[in-house]
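As structure tokens, the structure follows; a few thoughts come after it.
Just so you know, all these numbers are worked out from the coordinates, no wet-lab data involved. The shown structure was predicted, so the numbers you read here are calculated from the model rather than taken from an experiment. Every residue, glycine among them, receives a Cβ derived from its backbone with ideal geometry; neighbour counts consider all protein chains shown.
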Amino acid sequence: MVIAFHKPYGVLCQFTPDLPGQRTLADFGFPSGVYPVGRLDMDSEGLLLLSDEPGFNNRLLDPKTAHPRTYLAQVEGTPTPEAVAKLKHGGVLIQGYRTRPCQARLLDAEPEVAPRDPPVRFRRAIPTAWLELQLIEGKNRQVRRMTAAVGFPTLRLIRVEIGRLDAASLAQGEWLELGPAEIRRIWQK
């Protein structure tokens, strides 16, 4: 079984809380025996897969398979072409690790995404912009660390696609069990 879930902001990607009062995956009524495939930190939102299939996690997340994951990142400030080029070319140093090349582009307009609850902080003197990044690796808080390393901290992060499967039809907090055609879209590059 493979499930697509639109994880809301503020939800921990595990079934038991680390602290009292934390929202977790247990709050969403998933079938027993499924586990998250990869992670989204509590501050991030968007597409998360869950599965009960042994080996699914390794097949999907091993960088050797070059499996793409696409993110929208709202960043503080407006990234320069040089900053976007650094993200694209890889080699950004984060915690002793140099990132691999990725696809990165500055979006011309704000994407159509649901408002976040609570909203991202607004500062009149500091503009924000949106980047689209497609990575084939997934270190802890990697997108956030990459954008900060090039001078543009991430304010909001949404995973919008895994392979060619997107979460566009799911509202925040909704999930659905995927059929064979949808699972094939996960494996498409």
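Some points to look at:
- Percent of C-alpha pairs per 5 Å bin, the chain, short to long: 1, 7, 16, 20, 20, 16, 11, 5, 1, 0
- Springs join every pair of Cα atoms under 10 Å in this Gaussian network model of the chain, and among Arg159, Arg23, Arg59 the largest mean-square fluctuation is at Arg59.
- The packing ranking of peptides 67-74, 135-142, highest mean first, is 67-74, 135-142, where packing means the average number of other beta carbon atoms within 10 angstrom of each residue.
- Loop-located chymotrypsin sites (Phe, Trp or Tyr not before Pro) in region 120-189 (DSSP state other than H, G, I, E, B) with a sparse environment of at most 11 neighbouring Cβ atoms within 10 Å: Phe122.
- Enclosing the Cα atoms of region 68-162 in their convex hull gives a volume equal to 103 cubic angstrom per residue.
- Taking the Cα centre of region 68-162 as reference, the dipole from Cβ charges on Lys and Arg (+1) and Asp and Glu (-1) amounts to some 420 debye.
- Glu110-Ser32 FRET efficiency (beta carbon distance; Förster radius 35 Å; 0.05 resolution): 0.35
- The spacing between region 49-108 and region 122-185, judged by their C-alpha centroids, is 9 Å.
- Relative packing of peptides 7-20, 89-102 - highest average C-beta neighbours within 10 Å first: 7-20, 89-102
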